[in-house]
Amino acid sequence: MNNKIKAAVAGAVLASASVANAGITWDAGEWTVDMNGNVNAFAVFSSADNSSGPVGGLAATQTTADADKDSMSISTGLLPAWLGFTATTRQNDIDTSVTISFQPGMGGNQALQGGGNTENRQAFLTFGDKSWGSVKLGKDLGIFASTAILNDMTLLGVGGTGGTAGNNAASKSTGTTTTLGGIGTGYLYADWKGQIAYTTPNMNGLSATLGVTQPWNSDTSTGTTDTVAFEAQVSYSWTGDFAGKVWGGAFSQDVTGIDNGAGGTTDSDATAFEVGVSTSIYNINLVAYGYSGEGVGTTGMLSQGFDATGKKRDSDGGYVQATYVIPMGTKLGVSYGVSKLDDNAADAGGNLVEENNRLTVGAYHPLTKHLNLVAEFSHVESESNTAGAATAEQDIMSVGAILFF
């Protein structure tokens, strides 16, 4: 799987040597066209232990206290099904490309839904040269937290389901049409954003990406910001018997029109920083990642970032992960992640989520170089900031397959 859809599948490439290294390519005049993507499907079994949970919690809950706590669905995992087209050419000593992709949803849980939702997560162009770097304009995966999700082993599977059983209907917590993997339980969602970004050339393993991206509204703001968001990431990679990558990133955005709870609005800002490392030796890969922010909230960028009076909430989190490829080629992995959200004085008694955490163990077997069989078990907990409030817990078992081309 080449860099034409690296924003979607680079993590899978990192996670599994069985993934193909190229899509389906052909020449068309001066252009080379690449068609690539994946199809995945999982049987997801979910068991919820509580009838209620905190606001912003990611552990599924029963509809009522006496409702059946078990549910089942057939759905896509963290990666949606994907069909991408990229056309590249080199003219006037400049490499240019254009990418457009489509992501059909697996389905819903009601009749007359038409089989699910369809998204268009990518539509961008690039131009550049290896001597001076490249420029990207359009919609693609955001910069901040992108490497965190691309190193998440659950990118090949399901991970957390985001408050649902994973049926690709709109999630009660996030509105997503896929499962969440480790989003909200270890890192913020990089999301798919309009952007103008510059990436430096590779300087002996050192590279950086700087960009301005479409600003987000918070869930308590009524207006749009009058400036862009700024995102950046710097990384250093090395090869050899002990290979690896370290990276750091930053996010900053002014947020306007935030409800101050007194009939007016206020303006503020949201900032976040991150650092991570991924190392491999022999058949072992280790990942450690952490982030900290103010006003960025939890799970989705700017979600729960401000309280009812317009003041910023602090948040932080991270995940650790270890995988090992046994002689028969199966990759075994374990991952633990947590995302925390600090409450303010205005949140007292409001049952706001204080912590979402997740433990995932998984097995990923390369049946062919394109096809992986996947089995995962995840336990998700959502804790409230209110003393005595119920902690929601969810167990998730999933089995399925993902095929890249």
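The values are calculated or read from the model by the stated rules, or taken from the named source; none is laboratory data. A quick note: this is a predicted structure, and the numbers were derived from the prediction, not measured. Here the Cβ is made from the backbone with ideal geometry for all residues, glycine too, and neighbour counts use every protein chain on show.
Only residues that are in a strand (DSSP E or B) and within 19 Å of Leu359 (Cα to Cα) were counted across the stretch 285-321, and they come to 13. Across the stretch 121-139, the number of residues qualifying as of a type in the set (D, E, K, R), part of a strand (DSSP E or B) and surrounded by fewer than 17 Cβ atoms within 10 Å (Cβ to Cβ) comes to 1. Among the candidates Val361, Val334, Val374, Val320, the residue that is crowded, with 18+ Cβ neighbours inside 10 Å and hydrophobic (A, V, I, L, M, F, W, C) is uniquely Val374. Scanning the stretch 22-40 for residues that are in contact (Cβ under 8 Å) with a residue 60 or more places away in the chain, over 13 Å from Trp82 (Cβ atoms) and surrounded by 11 or more Cβ atoms within 10 Å (Cβ to Cβ) gives a single hit, Ile24. Which residue, of Gly290, Gly300, Gly264, Gly276, is farther than 21 Å from Val228 by Cα and out of contact with any strand residue (DSSP E or B) (no Cβ under 6 Å at 6 or more places or on another chain)? Exactly one of Gly290, Gly300, Gly264, Gly276 is farther than 21 Å from Val228 by Cα and out of contact with any strand residue (DSSP E or B) (no Cβ under 6 Å at 6 or more places or on another chain), namely Gly264.
For Ala346, are the conditions met, namely being free of Cβ contacts under 8 Å to residues at least 12 places away in the same chain, over 19 Å from Ala60 (Cβ atoms) and hydrophobic (A, V, I, L, M, F, W, C)? Answer is no for this residue.
Within the stretch 177-213, the set of residues being assigned to a loop (DSSP other than H, G, I, E, B) and either of a type in the set (Val, Ile, Thr) or surrounded by fewer than 16 Cβ atoms within 10 Å (Cβ to Cβ) (or both) comprises Thr177, Thr178, Thr179, Thr185, Thr200, Pro201, Asn202, Asn204, Gly205. Taken as a whole, the stretch 73-83 holds at least one residue that is within 21 Å of the chain's Cα centre (by Cα), in a strand (DSSP E or B) and modelled with pLDDT of 90 or more. Can you find a residue in the stretch 378-389 that is crowded, with 19+ Cβ neighbours inside 10 Å and acidic (Asp, Glu)? Yes: the stretch 378-389 contains one or more residues that are crowded, with 19+ Cβ neighbours inside 10 Å and acidic (Asp, Glu). With respect to the stated conditions, Val228 is closer than 19 Å to Tyr189 by Cα and under 26 Å from the mean Cα position of the chain (by Cα).
To keep it simple, each residue is scored yes or no on (1) part of a loop (DSSP other than H, G, I, E, B); (2) under 16 Å from Ser339 (Cα atoms); (3) hydrophobic (A, V, I, L, M, F, W, C); (4) touching a Ser or Thr at 6+ places or on another chain (Cβ under 6 Å).
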residue	(1), (2), (3), (4)
Asn356	no, yes, no, yes
Val361	no, no, yes, no
His365	no, no, no, yes
Thr368	yes, no, no, no
Val374	no, no, yes, no
Ser378	no, yes, no, yes
Thr386	yes, no, no, no
Asp395	no, no, no, yes
Ala401	no, no, yes, no
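Test of understanding: among Val374, Val380, Val353, which residue is under 18 Å from Ser292 (Cα atoms) and of a type in the set (A, V, I, L, M, F, W, C)? Going through Val374, Val380, Val353 in turn, the sole match is Val353. Screening the candidates Gly211, Gly249, Gly194, Gly205 for the property of being within 30 Å of Phe102 (Cβ to Cβ), in contact with a Phe, Trp or Tyr (Cβ under 6 Å, 6 or more places away or on another chain) and at pLDDT 95 or above yields one hit, Gly249.
Among the residues of the stretch 371-395, those that are under 19 Å from Thr323 (Cβ atoms) and either modelled with pLDDT under 95 or not aromatic (Phe, Trp, Tyr) (or both) comprise Leu371, Asn372, Leu373, Val374, Ala375, Glu376, Ser378, His379.
Of the residues Gly29, Gly11, Gly57, which single one is at pLDDT 90 or above and either acidic (Asp, Glu) or farther than 30 Å from Thr386 by Cβ (or both)? Sole residue among the options that is at pLDDT 90 or above and either acidic (Asp, Glu) or farther than 30 Å from Thr386 by Cβ (or both): Gly29. Of the residues making up the stretch 258-278, not a single one is free of Cβ contacts under 8 Å to residues at least 24 places away in the same chain, under 22 Å from the mean Cα position of the chain (by Cα), assigned to a strand (DSSP E or B) and within 18 Å of Thr213 (Cα to Cα).
Say whether the condition of being surrounded by 15 or more Cβ atoms within 10 Å (Cβ to Cβ) and in a strand (DSSP E or B) is met by at least one residue in the stretch 342-349. Looking through the stretch 342-349, none of the residues is surrounded by 15 or more Cβ atoms within 10 Å (Cβ to Cβ) and in a strand (DSSP E or B).
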